[in-house]
1. Of the residues that sit in the range 1-30 and are in contact with a Lys or Arg (Cβ under 8 Å, 6 or more places away or on another chain) and of a type outside the set (V, I, T), which one is nearest to T77 (Cα to Cα)?
2. Within the range 16-49, take every residue that is touching a residue at least 24 places away in the same chain (Cβ under 8 Å) and in a loop (DSSP other than H, G, I, E, B) and give me the one that is surrounded by the most Cβ atoms within 10 Å (Cβ to Cβ).
3. Any residue in the range 55-80 that's closer than 17 Å to S145 by Cα and without any contact (Cβ under 8 Å) to a residue 40 or more places away in the chain: show its pairings with residues that are of a type in the set (S, T, N, Q) and crowded, with 22+ Cβ neighbours inside 10 Å at Cβ separation under 6 Å, as long as the two are six or more apart or on different chains.
4. Helices (runs of 4 or more DSSP H) wholly in the range 50-127 with at least 1 residues that are at pLDDT 90 or above and under 30 Å from S160 (Cα atoms) - which ones?
Amino acid sequence: MGNFRKILNKIKQFILYSVLHINDTPHSIALGIALGVFVAWTPTLGFQMLMVLILTAIFRANGRVALPFVWISNPFTFFAIYFPNFWLGHHLLSLFIDRSNANFDRALQSLHSPLLAVQKFFQGTTTKELTSFLLENSLDLWIGSIIMGLFLGALSYILSYKTIVYYRTHHPRGKRLMLEMSHQKAVNDSEK
């Protein structure tokens, strides 16, 4: 129970000081969170941090906030994230293309247990099988991942934006932060 409280305390500290008190607009922070969540749901392990930094630069979102949200997907959570994405993509593509369920059934048989899949992944015994499976079913996985990523990214944007605005208008620390930001903006505008 003590470790669980430590984890909750670290999450609370991250949200308070790295999200709510960061010196940026609510839109930029919420967009950074949304982009981080979207990229976390794409099957791009190993490239996600670079992708989110590029996307945050393009969309002028807060990259420092986006990075930790990318870490949602990791070798311990990939099955829980990517298999539902694959399932969604497979069933959506089945609506438009006549497809056999052989690939889906084979995926269920080969990855019937998340722990077994993680164990096989770390043992490296099925790297060839996993690679061939991903190549054969990459369209299913990508379609499902993009749809889920867009949905969860939009949802996280709305929730985080509303939370940040509410905190900054109703909490004493948030109000003080808004005053400091408006004062800093006034000083910067007068220097120009």
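The values are calculated or read from the model by the stated rules, or taken from the named source; none is laboratory data. Just so you know, these numbers come straight off a predicted model, no measurement behind them. Here the Cβ is made from the backbone with ideal geometry for all residues, glycine too, and neighbour counts use every protein chain on show.
1. Ranking the candidates gives S18 first.
2. Among those residues, the one meeting the criterion is W41.
3. If the second residue must be of a type in the set (S, T, N, Q) and crowded, with 22+ Cβ neighbours inside 10 Å, the pairs left are V70/Q48.
4. By residue number, 63-70, 78-96.
Let's see how each residue does on (1) touching a Leu at 6+ places or on another chain (Cβ under 6 Å); (2) in the same structural domain as Y161 (by TED's automatic domain parsing); (3) over 30 Å from D140 (Cβ atoms):
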{"site": "K12", "(1), (2), (3)": "no, yes, yes"}
{"site": "G32", "(1), (2), (3)": "no, yes, no"}
{"site": "M51", "(1), (2), (3)": "no, yes, no"}
{"site": "A61", "(1), (2), (3)": "yes, yes, no"}
